[in-house]
Amino acid sequence: MAARLPSWAWVTGLTAGATAAVVALAVQADHGQRPTAAVAEPRPSASASAHGSAAPHSTAQHALPDGSGEGRRIVYSLGEKRVWLVDATGKATRTFTVWPGTVSPQPGSYSVIARRQSLKGSDGVEIEHVMYITKVQGVNVAFSNALDGASPPPANGQKLGGIRLHKEDGAALWAFGGTDTKVSVVR
């Protein structure tokens, strides 16, 4: 006759097995290919519509700037106040407008140096999908979106490096770019 295991032994065994499966999947996901943002027409958020944002534009209406690099990257145009997500073939898969801070990076090549899921921005606004790309004049420059989806208030003379996005664009950028993703800043 076989000995019966106590019920706690079954629970412990099942928990250990489930934990091992989750760890294996996490390691596999961390070493797999980075997802690319789906091809989608940018749409203004509710807060953008309330702030008089222009109608959405497709990537065809806003061509990727010349000299913005090669390969998979994020392109940020200072003059157009626009971001493009570019796949490995060099095709822009998504583009959207942004609200730049009062401190901007110089045109050039950067990469995502750190990411934070959420925190309070230097302007006191709760933000998420924070992706740091550089530091200028002691101010961190990062892409992010407000948790409530609102546009940033006027800076009132503050040095702010946040490049704010619409909420759905912040989620798309977060999914597209991990640490070390190339960022090309153009005029």
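FYI, it's all coordinate maths here, none of it is from the lab. Note that the structure is a prediction, hence the values are computed from the model and not measured. Glycine also receives a Cβ, built like all others from the backbone with ideal geometry; neighbour counts cover every protein chain displayed.
Quick notes on this structure:
- The stretch 63-178 shape via C-alpha gyration tensor axes, a/c threshold 1.5: prolate
- Each label was represented as a point 7 Å from its Cα along the Cα-to-Cβ direction; for Ser118 and Glu70 these points are 4.1 nm apart.
- Selection from Ala88, Ser151, Gly124, by position along the positive dipole direction of the stretch 71-187 (Cβ): Ala88
- Gained length - Glu128 relative to Arg187, 0.36 nm times residue gap less alpha-carbon distance: 18.6 nm
- Restricting the stretch 59-167 to trypsin sites (Lys or Arg not before Pro) that sit in a DSSP loop and have at most 15 other Cβ atoms within 10 Å of their own Cβ leaves Lys81, Lys91, Lys159.
- Inter-centroid distance (Cα atoms) of the stretch 115-187 relative to the stretch 59-81, Å: 18
- Cross-link table Lys81/Lys167; Lys159/Lys182; Lys81/Lys135; Lys135/Lys167, entries beyond 21 Å C-alpha to C-alpha: Lys159/Lys182; Lys135/Lys167
- For the stretch 100-187, the list of chymotrypsin sites (Phe, Trp or Tyr not before Pro) that fall in a loop by DSSP and count at most 12 other C-beta atoms within 10 angstrom is empty.
- Residues listed by number, the stretch 97-115, amide nitrogen under 19 Å from Asp148 label point at 7 Å toward C-beta: 99
- Taking other residues whose beta carbon is less than 11 angstrom from the beta carbon of Val86, and scoring Lys, Arg as +1 and Asp, Glu as -1, yields +3.
- Extension gain from Val136 to Glu80, taking 0.36 nm per residue of separation minus the Cα-Cα distance: 18.1 nm
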